[in-house]
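Asks: Have a look at this one before I ask anything.
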Amino acid sequence: MANKETIAKTVAVALVLCIVCSLVVSSAAVLLKGQQDANKKLDRYSNILAAAGLLDPEENIEEQYNRLITAKVVDLDTGRYTDAVDAASFDQRRAAKDANLSAALSADDDLAKISRRENYSMVYLVVTNGEIEKIILPVRGYGLWSTMRGFLALENDGNTIAGLGFSEHGETPGLGGEIDNPKWKALWPGKKVYQNDDVAVGLIKGSVTPGSANADYEVDGLAGATLTSRGVTNLVHFWLGEQGFQKFLNNLRLGEAG
């Protein structure tokens, strides 16, 4: 009888502890959600600014973003700005999973291995005195282990890369994880994207030979990380190609994006 009472008390104590812990965790999640959302927003702002080479660590990130960046939504099918969704509240990641806001990609079209492409995308513009100086585009694609997410910045010609940075990935540290290395990221600014309207920029095996015929379109590959290197090239080709932002960039050059 004593053993049964002891077991019952143990189970009861364990149950009470579980309930208390659940309440504490749930309460903490609710109370901290606002701060977590704010931190995510600041992280996104930081990555957008960094991709364009504009991040000043001495300045407040949100003030810097609000002063320098204009966010708009683009219809990827038409390549024009749209007010079909609100730029301030649009959740692009969620839209990519929503059958009403995205489309499944065929195997031939799915170069970046993302399965679905959202119908609308954010774009971030650096505008000075009414003139666009830089265009910052969200990009993503699969590497060796993970979906790599980041931002690709272009100069106002829509053909010269200003910078590339990844905000999320799970690639191998020291190999594919070198996409975070500032020295490697510094290889991108100045590279050209299009050659005869085709996306030509990409990573090569080994190092670029200065002065070679294709040097303007080539970036050093990641040593020991062939699949990550291929994934970076593929995501750049996808998002700067017909399925991505190519129509928008063409319209922007012609003054027809509005």
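Each value in this text was obtained by applying a stated rule to the coordinates, not by laboratory testing. Remember, it's a predicted structure, so these values are computed and weren't measured experimentally. Glycine also receives a Cβ, built like all others from the backbone with ideal geometry; neighbour counts cover every protein chain displayed.
Asks: For percent of Cα pairs over 27 Å apart, the choices are (i) 36; (ii) 49; (iii) 45; which was calculated from the structure?
Replies: Matching entry in (i) 36; (ii) 49; (iii) 45: (iii).
Asks: Taking R0 as 25 Å, what FRET efficiency do you get between N250 and A107 from their Cβ-Cβ distance, rounded to the nearest 0.05?
Replies: 0.45
Asks: Is the stretch 33-111 best put as rounded, prolate or oblate by its Cα gyration tensor, with a ≥ b ≥ c the root eigenvalues, rounded for a/c under 1.5, and otherwise prolate when a/b is larger than b/c, oblate when not? Could the numbers behind the result be given before it?
Replies: Details: a/c = 2.01, a/b = 1.83, b/c = 1.10.
Because a/c hits 1.5 or more and a/b exceeds b/c, the stretch 33-111 counts as prolate.
Asks: Taking Cα pairs under 8 Å and at least six residues apart, what relative contact order does the stretch 68-254 come out at, in percent?
Replies: It comes to 20 percent, rounded to a whole number.
Asks: For V139, what residues show an amide H to amide H distance below 5 Å, using hydrogens built from the backbone and excluding near sequence neighbours?
Replies: G150, F151, L152
Asks: Something else about it: Using a 7 Å offset from the Cα along the Cα-to-Cβ direction at both T6 and R80, what is the distance between the two label points in nm, to one decimal?
Replies: Between T6 and R80, the simple spin-label model gives 8.0 nm.
Asks: Okay, next question. Apply 1/(1 + (r/R0)^6) to the Cβ-Cβ distance of V13 and N181, taking R0 = 45 Å, and write down the FRET efficiency to the nearest 0.05.
Replies: 0.30
Asks: For a label point 7 Å from the Cα of V127 along Cα→C-beta, name the residues of the stretch 47-70 whose backbone N is under 14 Å from it.
Replies: What the label zone holds, given the 14 Å backbone N cut-off, is 66-70.
Asks: By the gyration tensor of its Cα atoms, with a ≥ b ≥ c the square roots of the eigenvalues, what is the shape of the stretch 72-194: rounded for a/c under 1.5, prolate for a/b over b/c, or oblate?
Replies: The shape class here is oblate.
Asks: Read phi for every residue in the stretch 121-138 and hand back ³J(HN,Hα) as whole Hz from Karplus 6.51 cos²θ - 1.76 cosθ + 1.60, θ = phi - 60°, with x for Gly and Pro.
Replies: In residue order, the calculated couplings are 9, 6, 9, 10, 10, 9, 10, 10, 6, x, 10, 6, 9, 9, 10, 10, 10, x Hz.
Asks: With label points built 7 Å along Cα→Cβ from the Cα atoms of A87 and A71, find their separation and express it in nm.
Replies: Inter-label distance under the simple model: 1.0 nm.
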